[in-house]
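Before I ask anything, here is the structure I am working with.
Throughout, read-outs are computed from the coordinates displayed, never taken from laboratory work. Note that the coordinates shown come from a computational prediction; the quantities given were computed from them, not determined experimentally. Here the Cβ positions follow ideal geometry from the backbone for every residue, glycine too, while neighbour counts run over all protein chains shown.
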């Protein structure tokens with residue numbers, strides 16, 4: 001069952017989303033805030049931009065950040081046919097009886113920008129690390145503190161047997177942009 005705006009507001013008041021936009025902000029910006037059945041999250045002003053160099057291979061099992069340039073600002077230009085890693089402005093705490101899925105916003109999709117679809121497991125918490133791909137042959141701008149994706153909350157009839165927190169997931173309580181890593185336990 002998809003959770004509605006009343007449920008989202010109630011859970012947000014209990015600390016599920018911080019900071020929380022009570023209303024959907026739309027005028028002059030890419031929308032953010034609570035919607036009918038989800039929450040439009042914003043991106044922070046921190047980015048890691050891919051700067052490819054000769055001989056560099058991106059390995060998700062052994063990510064070498066040498067090919068990523070740190071950038072902080074209100075507008076980030078994503079190079080043509082490239083991507084950036086960023087994070088949500090909001091910190092999320094997903095309840096045990098809930099699964100959330102993050103989707104990209106159509107405003108960006110219409111500009112050639114693809115936001116990865118990300119599941120947020122029960123009892124996961126942290127800032128969402130977001131991979132944003134520019135499929136256009138020209139640079140595309142991302143706007144910090146504005147909407148980047150929608151989080152849809154799905155409720156369950158039964159509580160999960162093992163939550164992300166129970167598993168001590170490797171991305172639990174992440175505070176910044178976290179690159180890919182493989183658990184060595």
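For the stretch 3-77, what are Rg and Dmax over the alpha carbons, in angstrom?
Computed over the Cα atoms of the stretch 3-77, radius of gyration and Dmax are 17.8, 52 Å.
List the relative contact order of the stretch 13-152 as a percent without decimals, with contacts defined as Cα pairs under 8 Å and 6+ residues apart.
On the way: 322 pairs, mean separation 45.9, N = 140.
Worked out over the stretch 13-152, it gives 33 percent.
Which three lengths, in whole Å and largest first, does the stretch 126-185 cover when its Cα atoms are put on their principal axes?
Sorted from largest, the Cα extents of the stretch 126-185 read 46, 33, 21 Å.
Still on this structure, please answer the following. Regarding the chain, what are the three Cα extents along the principal axes, ordered largest first, in Å?
Between the extreme Cα coordinates on each principal axis of the chain lie 51, 48, 23 Å.
While we're here: Would you mind ranking 102, 86 by Cβ crowding within 10 Å, fewest neighbours first? Don't jump to the answer; show the numbers that get you there.
Numbers: 102 22, 86 27.
In increasing order of surrounding Cβ atoms, one gets 102, 86.
With springs only between Cα atoms under 10 Å, which of 34, 57, 140 fluctuates most in a Gaussian network model of the chain?
57
If each residue's Cβ is checked for other Cβ atoms within 10 Å, how do 114, 30 rank with the fewest at the top? Could you put the intermediate results ahead of the total?
Values: 114 14, 30 18.
With the fewest neighbours first, 114, 30 line up as 114, 30.
List 40, 157 from most exposed to least, where exposure is judged by having the fewest other Cβ atoms within 10 Å.
Working: 40 22, 157 6.
Exposure proxy ranking, most exposed first: 157, 40.
Quick one: what do you get for the stretch 76-175 if you divide its Cα Rg by 2.2 N^0.38 Å?
Numbers: Rg = 15.1 Å, N = 100, 2.2 N^0.38 = 12.7 Å.
For the stretch 76-175, the normalised Cα radius of gyration comes out at 1.19.
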